[in-house]
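The values are calculated or read from the model by the stated rules, or taken from the named source; none is laboratory data. Not measured: the values here are computed from a predicted model. Quick reminder, even Gly has a Cβ in these numbers, built from the backbone with ideal geometry, and neighbours come from all protein chains shown.
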Amino acid sequence: MLDRFYWTDGFANFCANKFNTAKRFGIEGVQSFIPGMKALIDELSKQGASKVICGMPHRGRLNFLANVVKKPLETIFAEFQGKMPTKDQDLTGGFNSSGDVKYHLGTSYTTAYPNGNLMTVEILANPSHLECINPVVMGKTRAEQHYSEQSDSLKRNEVIPVLIHGDAAFSGQGVVYESMQMQDLINYSVGGTIHVIVNNQVGFTTVPKKGRSGPYASDIAKAIDAPIFHVNAESPEDVDFVFREAARYRQKFNHDVVIDLIGYRKMGHNELD
C-alpha cells in the first residue's frame, strides 16, 4: 500500500513541478483512490474476473493512466509538451494523434499475477460531457460478456464495469441514474457495476449544501437498493478494505455497489485556480 502511495504521490509531484502552468486535474486530497483501485482490481482477479472496463472523469485520470493502466510515462509527458507522434509511433497506439486533450484519452493494459491469472484493465476515452461514458462502459461490458466463451453462470463475473464519478456529477447528472436504473433489466444487465465517487466535497465550484438536496452524493443509489460504503480517504487501511469488499460483493451478488470516497480538494477545480 505504501509503495502504491509513493508512485501516486511521486507522479503528482513531478507533474506539479515540471508542468506547473498546465491543467492536470490532480488527485491531491484523494490520493488513496489509486491504491484503492489497485486493491479492487487485485480482488476482482481473485474472484474470477479477467477484464475490468473503466470510465472516469478528469480528476486523477492522468495518475490512473500512469499507475493503474500503465500508460508509458514518456507518452504522457510528451502530450504535456504538445508533441505529435511520428507515423510509426502512432501505429502503436501509444501516442495521441486525435488532437484531443490528454485527460480525455483511454488505453488498456494486461498484467499477469503470480498465480498465472491474466487481468486486462481498460479505460475508455471520454467526451467532454464526462458522465456520458457510463452507458458506453456498460454497453461495451454487456457486449464482451455476450460474446464470452464462458458458461452463462460465469459470463457476468468475467468482465466487470467500474465507473468513477465526481460527487456533484453523481447526484446532479441524469445520465448517471438513467444508466444505473437498468441494472436489473434482463436485456441490459451487466451483473452489477462498481461505482466509485471520488468525493472531494467541491462539485466543480459548488459546496455540497448548494449542489444537492440530500446529505450524501450517493443517495440516488438507494433507489436500486445498492449498498453504499462511505470511507475516509485519509484512512488508507479502511480504503483498501472497502474497495476489496465492494469487489467481493459484486462478484457474489451481481449487483451494483457504490463507494463514496470522501477526501478534500487541495488545488481548486484545476491547479491554475
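Against the test of being touching a Ser or Thr at 6+ places or on another chain (Cβ under 8 Å), closer than 19 Å to Cys132 by Cα, buried (at least 18 other Cβ atoms within 10 Å of the Cβ) and touching a residue at least 12 places away in the same chain (Cβ under 8 Å), the options Val176, Val239, Val198, Val258 yield a single qualifying residue, Val258. Only residues that are surrounded by fewer than 22 Cβ atoms within 10 Å (Cβ to Cβ), part of a loop (DSSP other than H, G, I, E, B) and touching a strand residue (DSSP E or B) at 6+ places or on another chain (Cβ under 9 Å) were counted across region 1-46, and they come to 0. Within region 5-45, the set of residues being at pLDDT 85 or above and among the polar types (S, T, N, Q) comprises Thr8, Asn13, Asn17, Gln31, Ser32, Ser45.
Among residues of region 227-236 being at pLDDT below 95 and either assigned to a helix (DSSP H, G or I) or touching a strand residue (DSSP E or B) at 6+ places or on another chain (Cβ under 8 Å) (or both), the one that is surrounded by the most Cβ atoms within 10 Å (Cβ to Cβ) is Ala233. With respect to the conditions (1) surrounded by fewer than 17 Cβ atoms within 10 Å (Cβ to Cβ); (2) within 17 Å of the chain's Cα centre (by Cα); (3) of a type outside the set (A, V, I, L, M); (4) part of a helix (DSSP H, G or I), Ser128 falls short on a single one, namely (4). When only residues in region 108-123 that are loosely packed, with under 13 Cβ neighbours inside 10 Å and part of a loop (DSSP other than H, G, I, E, B) count, which is nearest to the chain's Cα centre (by Cα)? Only one residue tops the list, namely Tyr113. Go through the residues of region 202-214 one by one and say whether even a single one is surrounded by 21 or more Cβ atoms within 10 Å (Cβ to Cβ) and among the β-branched types (Val, Ile, Thr). Looking through region 202-214, none of the residues is surrounded by 21 or more Cβ atoms within 10 Å (Cβ to Cβ) and among the β-branched types (Val, Ile, Thr).
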